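Engineer: Input: one structure, supplied below.
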Amino acid sequence: MEALPDHQQSQRIRVVHLADHSGRLQVLFPESNMLDIAAVSRITKRRLEPVAHFHPSGDALIKPNSVMTIIESSILENDQAFLIRTKAGGQYREITGSQLKELFSGPLNRFESISIHTSAINKPTENHENDEEQILQALGKFQSIRLKQRLEETLEIPPLPASSHRIIKLSSDKSAGTDELCEVIALDPSLSAQVVSWASSPYYGAPGSIESVEDAIIRVLGFEMVMNLALGLSMGNAFKTPEEGPRHYEDFWLDSVSNAVLMESLVKAMPIKDRPKLGHAYLAGLLHNFGFLAINAILPPHFSILSRYQEANAHLAAEFTEMHILHFSKEQLASWLLRYWSLPDNIWMAIRYSKKPHYYGEHAVLAKLLYVTYQLRHEADIEPEVLNEIGLTLEEVENCEKEVFKKSAELHKMASLINKINA
């Protein structure tokens, strides 16, 4: 096999290790595909799960003929060339389909259809106005009961916490001030503790101790920020964080907190005339992955399956596995739910279109900020025109991320405080 430059990306073969009580199985498939765990289970008659919790670059290749291996059969078509590496972190080398067939010619190996090209996976509907219909159709595919025509009548939706209702109502009252907000938050002792703990975090570096929600508003965070923070926290409390989620995704709140403060940093770096409301940006960042909680709460069996697919296909955007398993994305479900709960339009719209860099509708700036934070945190390229539209350079957004990363220890403490209160 001829060594190729490590930067070459075309036609890579991905290696994933699966296992059950009987032992380990190795699968090989093109990186442009999604591994179909259900197909592997049908072929092997085994209930297999990924060994690695989350491995974007794939597992290391186990020596051929030393462990049972299933290779995607389409690799043999036209004897095309692929890139493979024989050890983690090693160089990719070129290998043809016929060479691969010869390499894996022993009795432990077989070539089967075990993956799906991403182009064959349906996409979410482009317009949010069609989300309800798409979600209803999806639910009809795996529910035997006759579905009702409205989504809120079909899903068992957890009730919105009373504190969230009160804050949403208060946010529409233009005459409301600190006293009214303190009164609303005080009705929920857990929420009060969370807001005070947040403001007390070393991240904000407030002098002295923060004794009350009023202190948090006046001395540290400000009225708008506390209102949106309290709303995000109270809504997060409505759903328990999943126990059967992707094993790499151990802390929902750390991810949420990190995204919220990165959103805050980006908004502060933007030209003043282009900035969305800071509190709304913070809330959108905090709730950006709310669909993750919603799927777990509303469709727990499917969520567990989805989690294993995401572990095995860590090289793909989550949308591919969501569309394959659920037939709708978590952004679709989250935005529908937040809209149903009467959150401000710009919040649920931003979440709905956060993975769509070419969205130019209403509230596009907030959606593009969420897109930028996602790309930054996943070390992915950011489309230059998106940066132009939010008025920031690549250097500026990367500097924002670096500043937030410097305070990662403080963010961990903020997240652990929330987890402790919710326990």
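The values are calculated or read from the model by the stated rules, or taken from the named source; none is laboratory data. As the structure is a prediction and not an experimental result, all values here were calculated from the model. Counting neighbours? That spans all protein chains shown, and the Cβs are built from the backbone with ideal geometry, glycine included. Remember, those area values only see protein heavy atoms, side chains included, never the ligands or the DNA or RNA. Shrake-Rupley method; radii C 1.70, N 1.55, O 1.52, S 1.80 Å.
Engineer: Stretch His412-Arg110 to full length: gain in nm at 0.36 nm per residue minus the Cα-Cα span? Kindly include the intermediate steps, with their values, before the conclusion.
Structural biologist: On the way: separation 302, 0.36 × 302 = 108.72 nm, distance 4.57 nm.
Fully extending the segment from His412 to Arg110 adds 104.2 nm.
Engineer: With springs only between Cα atoms under 10 Å apart, run a GNM on the chain and tell me which of Glu385, Glu410, Glu264 wobbles the most.
Structural biologist: Judging by the Gaussian network model, the answer is Glu385.
Engineer: With +1 on the Cβ of every Lys and Arg and -1 on the Cβ of every Asp and Glu, and nothing else charged, how large is the dipole of the chain about its Cα centre, in debye rounded to the nearest 20?
Structural biologist: Working: 41 positive and 54 negative charges, 216 e Å.
In debye, rounded to 20, the chain gives about 1040.
Engineer: Which percent, nearest 5, of DSSP beta bridges in the chain are antiparallel?
Structural biologist: Numbers: 19 of 27 bridges.
Of those bridges, close to 70 percent are antiparallel.
Engineer: Just to confirm the number: angle between the C-alpha axis of helix 189-200 and the first principal axis of the chain, 0 to 90 degrees, nearest 10?
Structural biologist: Between the helix axis and the principal axis of the chain, the angle is about 80 degrees.
Engineer: For the chain, calculate the relative contact order in percent as a whole number, restricting contacts to Cα pairs under 8 Å that are 6 or more residues apart.
Structural biologist: On the way: 626 pairs, mean separation 68.3, N = 423.
Rounded, it is 16 percent for the chain.
Engineer: I need the P(r) histogram for region 177-311: all alpha carbon pairs, bin width 5 Å from 0 out to the longest distance, whole percents.
Structural biologist: So the P(r) values, bin by bin, are 2, 10, 18, 19, 18, 14, 10, 6, 3, 0.
Engineer: Which length gain, in nm to one decimal place, applies between His165 and Lys273 when the Cα-Cα distance is subtracted from 0.36 nm times their residue separation?
Structural biologist: Numbers: separation 108, 0.36 × 108 = 38.88 nm, distance 3.14 nm.
Stretched fully, the His165-Lys273 segment lengthens by 35.7 nm.
Engineer: Amide H to amide H under 5 Å from Arg14: which residues, 5+ apart in sequence or cross-chain, H placed 1.01 Å off N in plane?
Structural biologist: Answer set, sorted by chain and number: Phe29, Glu31.
Engineer: Dipole of the chain (Lys/Arg Cβ +1, Asp/Glu Cβ -1, origin at the Cα centre): which of Pro301, Gly285, His17 lies farthest to the positive side?
Structural biologist: His17
Engineer: Between helix 131-141 and the chain, what is the angle of the helix's C-alpha long axis to the longest principal axis, kept within 0 to 90° and rounded to the nearest 10?
Structural biologist: Orientation of helix 131-141: about 50 degrees from the principal axis.
Engineer: A further question follows. Could you tell me the center-to-center distance, by alpha carbons, between region 17-83 and region 167-209 in angstrom?
Structural biologist: Computed from Cα coordinates, the inter-centre distance equals 50 Å.
Engineer: Here's something else I'd like to know. May I have the pair-distance distribution P(r) for the chain, computed from all Cα-Cα distances with 20 Å bins from 0 and rounded to whole percent?
Structural biologist: Values per bin, smallest distances first: 24, 51, 22, 2.
Engineer: Using the Cβ atoms and a cut-off under 10 Å, what net charge is assigned to the surroundings of His21, where Lys and Arg are +1 and Asp and Glu are -1?
Structural biologist: Details: positive: Arg46, Arg47; negative: Asp20.
Residues close to His21 contribute a combined charge of +1.
Engineer: For region 16-140, calculate the relative contact order in percent as a whole number, restricting contacts to Cα pairs under 8 Å that are 6 or more residues apart. Mind showing how you got there, number by number?
Structural biologist: Numbers: 165 pairs, mean separation 35.4, N = 125.
For region 16-140, the relative contact order is 28 percent.
Engineer: If contacts are Cα pairs under 8 angstrom and at least 6 residues apart, what is the relative contact order of region 75-116 in percent?
Structural biologist: 33 percent.
Engineer: Can you give the helix-only mean residue ellipticity at 222 nm for the chain, where every DSSP H stretch with n ≥ 4 adds -39500 (n - 2.57) and the sum goes over all residues, rounded to the nearest 500 deg cm²/dmol? Present the calculation step by step, with values, prior to reporting the outcome.
Structural biologist: Working: 19 runs with 200 residues, N = 423.
Mean residue ellipticity, 222 nm, calculated: -14000 deg cm²/dmol.
Engineer: Could I ask something else about it? Counting only protein heavy atoms, what percent of the accessible surface of the chain is carbon or sulfur at a 1.4 Å probe? Let's see the in-between values first.
Structural biologist: On the way: 9920 of 19720 Å².
The value for the chain is 50 percent carbon and sulfur by accessible area.
Engineer: Sticking with this structure for a sec: Based on the alpha-carbon gyration tensor of region 285-338, what equivalent-ellipsoid semi-axes (square roots of 5 times the eigenvalues) come out, in whole Å, largest first?
Structural biologist: On the way: eigenvalues 61, 31, 19 Å².
Largest first, region 285-338 gives 17, 12, 10 Å.
Engineer: Run the numbers for Gln91 and Glu395: contour at 0.36 nm per residue of separation, minus the present Cα-Cα distance, in nm. Working shown, then result.
Structural biologist: Working: separation 304, 0.36 × 304 = 109.44 nm, distance 2.99 nm.
Computed gain between Gln91 and Glu395 is 106.4 nm.
Engineer: Can you pull the one-decimal nm distance between simple spin-label points at Glu383 and Tyr360, each 7 Å off the Cα toward Cβ?
Structural biologist: About 1.1 nm, to one decimal.
Engineer: Report the convex hull volume per residue for region 264-423, counting only C-alpha atoms, in Å³.
Structural biologist: Numbers: hull volume 21.7 nm³, N = 160.
Each residue corresponds to 136 Å³ of Cα convex hull volume.
Engineer: Within straight cross-link reach of Lys413, meaning Cα distance under 17 Å, which lysines are found once same-chain residues fewer than 8 apart are removed?
Structural biologist: Reachable lysines: none.
Engineer: In addition: So how strong a dipole does region 294-403 carry about its Cα centre when Lys and Arg Cβ are +1 and Asp and Glu Cβ are -1, to the nearest 20 debye?
Structural biologist: Working: 9 positive and 16 negative charges, 129 e Å.
So the dipole magnitude of region 294-403 works out to roughly 620 debye.
Engineer: Accessible area per residue for the chain in Å², computed with a 1.4 Å probe and the full protein assembly in place, what is it? Walk me through the intermediate numbers first.
Structural biologist: Details: 19720 Å² over 423 residues.
On a per-residue basis, the chain sits at 47 Å².
Engineer: Continuing with this model, one more query. If you place +1 on the Cβ of every Lys and Arg, -1 on the Cβ of every Asp and Glu, and leave all else neutral, what size is the dipole of region 291-349 about its Cα centre, to the nearest 20 Debye?
Structural biologist: Once rounded to the nearest 20, the dipole reads 120 debye.
Engineer: Sticking with this one: In region 42-132, which trypsin sites (Lys or Arg not before Pro) fall in coil by DSSP and have 12 or fewer other Cβ atoms within 10 Å? Walk me through the numbers on the way to the answer.
Structural biologist: Numbers: sites: Arg42, Lys45, Arg46, Arg47, Arg85, Lys87, Arg93, Lys101, Arg110; in loops: Lys45, Arg46, Arg47, Arg85, Lys87.
Passing sites in region 42-132 are Lys45, Arg47, Lys87.
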